[in-house]
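The values are calculated or read from the model by the stated rules, or taken from the named source; none is laboratory data. Everything numeric here is computed off the predicted structure, so don't read it as measured data. Methodologically, a virtual Cβ is constructed for each residue, glycine included, from the backbone with ideal geometry; neighbour enumeration extends over all protein chains shown.
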Amino acid sequence: MSTGPLIAIADPAILTSIDISGLVALLPVEEQNRFALFKVPGPARQFLLGRLLTRWLARRWLGDPEEPGNIRVDENGRPAFVDLPLNFSISHTNELVGVAIMAVNGGAIGLDIERLESQQVVAETADTVLTASERDDLRCHGDDLDRFTRYWVAKEAALKLHGTGFLIDPATVAVKLMPRYADVSIPESSEWAGKHIRVQLDRLKTGHHIGLAYSDTNMPAPDAVPVIVCQSVGASAPQGIAFKAYDDEPLFHKAIP
Ligand SMILES: CC(C)(COP(=O)(O)OP(=O)(O)OC[C@H]1O[C@@H](n2cnc3c(N)ncnc32)[C@H](O)[C@@H]1OP(=O)(O)O)[C@@H](O)C(=O)NCCC(=O)NCCS
């Protein structure tokens, strides 16, 4: 059994070539109900893939192919396993769904994946999501889209670890960007006051930025977090689907200057 964090990433398009109704039927009723609420197929597939990938990763981690992986969602929307000693965090974009998983004694975890394609995002949102000094820093870097995305990913990963998401104003969350990680300070809150969150930052070859947040500074070296890239699926009732893992897929860029 692993102890450190593990990330699995898959493209929701892998679900377009199979009949997903059988997979949906395998979800717990509350997740089937949530799936049924989606009005367009893209986000529905992202949700489904997130839940399938999370349970697949947990079973792989625990070495128990029968583990049902019961999940409960709290009042802020954060999902967690009911009875497994694992924390996890899900993120999706149109092109990728990612899940990070870690033993509960490793602390909470937060994952965010983003690919911002338009420079216009910086003009439209930088003033509302960055602190004044982050805004100055971004200006000094020519409003660079990659740098803005790194700020964004660091904040969102930290707030997902925190469990509040954007119920906390991101402009009150201070980020110190370093080449491979960010140090994040969350404003006063009872549970996390005084706690430090570090977010490992990387960029995928697809152009997506990825942030993995830890609740302390004892994070492993970036290269030590295994990333499993899942590129295809096969039917495997009763657990749903089995992902084919490409552990060594060179999807990651290394250091971001
Ligand atoms: C957390 C949040 C920033 C994620 O935003 P997003 O644009 O959906 O971003 P991502 O795709 O990266 O993440 C989605 C995943 O975040 C997770 N998530 C949702 N709320 C979360 C929270 N409060 N804390 C941690 N993770 C959360 C879920 O696993 C979700 O995927 P799923 O619904 O398929 O399981 C955003 O949902 C948020 O701010 N939520 C809290 C406030 C809120 O709106 N609550 C609603 C009450 S239910």
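Scan the range 163-190 for residues that are more than 7 Å from the ligand (Cβ to nearest atom), part of a helix (DSSP H, G or I) and either of a type in the set (Val, Ile, Thr) or farther than 16 Å from Asp127 by Cα (or both) and jot them down.
Within the range 163-190, just Thr172 meets the criteria.
Restricting attention to the range 147-175, report how many residues are modelled with pLDDT under 95 and not aliphatic (A, V, I, L, M).
8
Find all pairs meeting these conditions: Cβ atoms under 9 angstrom apart; at least six residues apart or on different chains; first residue within the range 165-180 and at positive phi; second residue within 14 Å of the ligand (Cβ to nearest atom).
Pairs found: Gly165/Asn76; Gly165/Gly77; Gly165/Arg78; Gly165/Glu156; Gly165/Leu159.
Could you pull out every one of the strands (runs of 3 or more DSSP E) wholly within the range 23-128 that has 2 or more residues that are under 30 Å from Leu145 (Cβ atoms) and within 12 Å of the ligand (Cβ to nearest atom)?
Correct list: 86-92, 97-103, 109-114.
Any residue in the range 129-137 that is within 14 Å of the ligand (Cβ to nearest atom), assigned to a helix (DSSP H, G or I) and in contact (Cβ under 8 Å) with a residue 12 or more places away in the chain?
Start the filter on the range 129-137 by keeping residues that are within 14 Å of the ligand (Cβ to nearest atom), which leaves 129.
Right, trim to assigned to a helix (DSSP H, G or I) and you get 129.
Going one step further and asking which of them are in contact (Cβ under 8 Å) with a residue 12 or more places away in the chain, we end up with 129.
Yes, the conditions are met somewhere in the range 129-137.
If you take the residues in the range 94-141 that are touching a strand residue (DSSP E or B) at 6+ places or on another chain (Cβ under 9 Å) and of a type in the set (Val, Ile, Thr), which one is nearest to Pro170 (Cα to Cα)?
The residue in question is Thr131.
Out of curiosity, is Asp143 within 11 Å of the ligand (Cβ to nearest atom) and either crowded, with 23+ Cβ neighbours inside 10 Å or on the phi > 0 side of the Ramachandran plot (or both)?
No; evaluated as a whole, the condition is false for this residue.
With over 26 Å from Ile210 (Cβ atoms), surrounded by fewer than 20 Cβ atoms within 10 Å (Cβ to Cβ) and among the charged types (D, E, K, R) as the only criterion, which of Asp74, Asp83 stands out? Outline the logic, then answer.
Values: Asp74 fails: over 26 Å from Ile210 (Cβ atoms).
The conditions single out Asp83.
Exactly one condition in (1) in contact (Cβ under 8 Å) with a residue 40 or more places away in the chain; (2) within 16 Å of Ala58 (Cβ to Cβ); (3) within 16 Å of the ligand (Cβ to nearest atom) is false for Thr149; which is it?
Failing condition for Thr149: (2).
Quick check on the range 54-71: of everything there that is among the aliphatic types (A, V, I, L, M) and modelled with pLDDT of 90 or more, which residue is nearest to Ile9 (Cα to Cα)?
Of everything passing the filter in the range 54-71, Ala58 is nearest to Ile9 (Cα to Cα).
Quick one: what pairs do we get from the range 98-124, first residue over 30 Å from Val82 (Cα atoms), second within 14 Å of the ligand (Cβ to nearest atom), C-beta under 6 Å, 6+ apart or different chains?
Here the result reads Arg115/Thr93; Arg115/His208; Leu116/Thr149, each pair linking the range 98-124 to a residue that is within 14 Å of the ligand (Cβ to nearest atom).
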